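To keep things clear, I will list the structure first and then write my remarks on it.
None of the figures in this text is laboratory data; all of them are computed from the coordinates on show. Keep in mind that what you see is a predicted model, and the values were worked out from it rather than measured. A quick note on method: Cβ atoms are made from the backbone with ideal geometry, for glycine too, and the neighbour counts reach across all protein chains shown.
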Amino acid sequence: MSMKQEVRIKDQRHQLILQELTKEGKVYVSQMAQEFGLTPETLRRDLSELEAGGLLERVHGGAVSKPAPLELAFEKKKQVNQAEKQAVAQAAAQLVQSGMTLAVDYGTSTMYIADYLKDITNLTIVTNSLAAALHFNKAIEEDRVQGQVIILPGVTNPYQLAIKGSYTIEFLANFSFDLNCMSCGGLSASGVYDYDMEESHVSRQMAQASQEVVLVADHSKLGKKLMVEICPIKQVDLILCDCPKPAGWDLSDTCWQTVSGLGVEL
């Protein structure tokens with residue numbers, strides 16, 4: 001399939017437009033029309049839809065980037081919808097089995113998974129989250145889990161307690177995972193999104209190296225289409241969320257499980 005054939009699908013056109021904006025800061029209707037074999041009218045409609053979603057700003061002849069929405073610092077973020085995050089984390093913990101190699105990215109939902117593990121042996125956890133590493137280390141210390149925690153190398157983001165960069169991606173190439181527990185900043189009917197390009201690249205690499213990908217997300221993430229896509233939603237096998245799937249979302253390749261409240265305390 002040629003590039004011109006591929007971009008006839010609207011979601012793919014939107015993603016290409018956003019990718020160009022990320023690189024160049026501005027896109028031109030005439031240039032994209034010629035490059036992708038589309039009519040200027042189609043591209044203008046695309047730009048109008050993306051502007052309505054708050055992802056860009058229309059200008060004469062094309063569009064420019066809008067300032068990226070700010071991500072809350074980790075300590076503030078973890079206090080938002082904390083009970084809901086713990087509920088979806090507990091549901092994710094039920095999927096973790098002895099002998100697994102588990103990939104956990106940074107996030108204020110994924111770090112709670114370790115708190116609900118019990119009687120798990122021979123578990124290897126690979127993470128770029130300093131917070132998740134501490135939670136899993138505590139589970140090992142309390143003898144609820146037997147195994148090891150591997151913290152990925154790289155550059156720290158002190159505001160998110162995350163590790164990212166080229167060293168992180170290079171080191172990830174050494175692994176294949178049984179299960180990936182993924183977090184996100186936003187979720188639409190077509191994609192999974194986050195704020196930071198490098199951290200999103202780490203999450204994408206983890207998903208690509210995993211047999212099963214589980215997204216843990218509270219309701220505040222729904223309908224948020226951020227600038228950076230981690231992966232298409234069809235690459236996620238299971239979504240654990242504290243509210244039902246939004247009406248009109250056709251997720252034929254992805255299972256949606258609604259989580260309501262915490263279960264039995266360990």
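Tabulated results
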{"read-out": "Of LYS164/LYS224; LYS138/LYS224; LYS85/LYS138, those spanning more than 30 Å from alpha-carbon to alpha-carbon", "value": "LYS138/LYS224"}
{"read-out": "Net +/- balance of residues flanking ALA33 in space, Cβ distance below 10 Å, scoring K and R +1, D and E -1", "value": "-1"}
{"read-out": "Region 136-182, Rg to Rh (Cα coordinates; Rh as Kirkwood inverse mean 1/r)", "value": "1.02"}
{"read-out": "Neighbourhood net charge (14 Å Cβ-Cβ; Lys/Arg +1, Asp/Glu -1) for ASN128", "value": "-4"}
{"read-out": "Crossing angle, helix 40-52 versus the chain [Cα axis fit, 0-90 degrees, rounded to tens]", "value": "40 degrees"}
{"read-out": "The chain - percent relative contact order, Cα under 8 Å, separation 6 or more", "value": "15 percent"}
{"read-out": "For peptides 20-27, 244-251, 194-201, sequence by mean Cβ density within 10 Å, most packed first", "value": "194-201, 20-27, 244-251"}
{"read-out": "Fraction of the pair-distance distribution of region 9-70 above 16 Å, Cα-Cα pairs, percent", "value": "34 percent"}
{"read-out": "Packing-based order for 95-102, 206-213, 167-174, using average beta carbon neighbours within 10 Å, highest first", "value": "206-213, 95-102, 167-174"}
{"read-out": "Check: the chain dipole with +1 on Lys, Arg Cβ and -1 on Asp, Glu Cβ, in debye", "value": "620 debye"}
{"read-out": "Ratio Rg/Rh, restricted to region 95-240 and using Cα atoms, in which Rh is the Kirkwood radius", "value": "0.94"}
{"read-out": "Cα-Cα pairs of the chain separated by more than 31 Å (percent)", "value": "28 percent"}
{"read-out": "Simple label model, 7 Å out from Cα along Cβ direction - THR39 to GLU170, nm", "value": "5.0 nm"}
{"read-out": "Percent RCO, i.e. relative contact order, over region 147-266, from Cα pairs under 8 Å lying at least 6 residues apart", "value": "22 percent"}
{"read-out": "Per-residue ³J(HN,Hα) for region 110-125, Karplus 6.51 cos²θ - 1.76 cosθ + 1.60, θ = phi - 60°, Hz, x for Gly and Pro", "value": "5, 5, 7, 4, 4, 5, 10, 8, 7, 6, 10, 10, 6, 9, 10, 10"}
{"read-out": "Per-peptide average of other Cβ atoms within 10 Å, ordering 216-224, 252-260, 31-39 highest first", "value": "216-224, 31-39, 252-260"}
{"read-out": "Under 5 Å, built H, 5+ apart or other chain: amide partners of GLN146", "value": "ILE120, THR121, ASN122, LEU123"}
{"read-out": "Theoretical FRET efficiency, 1/(1+(r/R0)^6), r = Cβ-Cβ of VAL64 and GLU141, R0 51 Å, to 0.05", "value": "0.50"}
{"read-out": "In degrees, nearest ten, helix 197-208 long axis to first principal axis of the chain (Cα)", "value": "70 degrees"}
{"read-out": "Amide H contacts under 5 Å for CYS231, placed H, 5+ residues apart", "value": "VAL192"}
